[in-house]
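The structure appears below as C-alpha cells.
Each reported figure results from applying straightforward, stated rules to the coordinates on display, with no laboratory input. Just so it is clear, the model here is predicted, and its values are computed rather than measured. Here the Cβ positions follow ideal geometry from the backbone for every residue, glycine too, while neighbour counts run over all protein chains shown.
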C-alpha cells in the first residue's frame, strides 16, 4: 500500500511542478490560453493526486479498481496537458486526438473513482444491516 501511495504522490508532485512551470511560462506569453489551461489542469489534479495518495495509505478496499482509476486519471490529465503545450510551443499536436482522448479519460477516471466510492457506500450500508 505504501508503494502505491508513494507512486501516486510522485506523479502528483511532478504534475504540480509542471503546472507551476507552465503558469510561469503562460505569464510571459501573449497567446497563453492553452498553456494556462494545461497549468491549471496539472495543478488541480496534482492536489487531487496528493489527496488520493493520502487516502491510499489508509488501506483502501478494492485497491486494484482504485489504483487503475487513479493512474488513468494522472496519465490522462498529463496527456491532455502535453497536447495543449505541444500545440502552443511546437505548433503541432502531440498525436491526433491526444487532447480529446486525455480529456475523455479524465472524465471517465473521475466517474470510476465515484463508482469506487459508491461501491464503498453500498458495501458499508450492507455491513450495518
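A few comments on the model shown:
- Helix-only CD estimate at 222 nm, as mean residue ellipticity for the chain, using -39500 (n - 2.57) per DSSP H run (n ≥ 4): -30000 deg cm²/dmol
- Most tightly packed first, judged by the mean number of other beta-carbon atoms within 10 Å of their residues, the peptides 93-101, 35-43 read 35-43, 93-101.
- Computed FRET value (nearest 0.05) for residue 107 with residue 71, which takes r as the C-beta separation and R₀ as 22 Å: 0.90
- Helix 98-127 vs. the chain, principal-axis angle (Cα, 0 to 90°, nearest 10): 20 degrees
- Relative to the longest principal axis of the Cα atoms of the chain, the long axis of helix 33-56 makes an angle of roughly 20 degrees.
- The chain, relative contact order [Cα under 8 Å, separation at least 6], %: 25 percent
- Listed peptides 16-23, 2-9 by packing density, highest first (mean Cβ within 10 Å): 16-23, 2-9
- Crossing angle, helix 63-89 versus the chain [Cα axis fit, 0-90 degrees, rounded to tens]: 10 degrees
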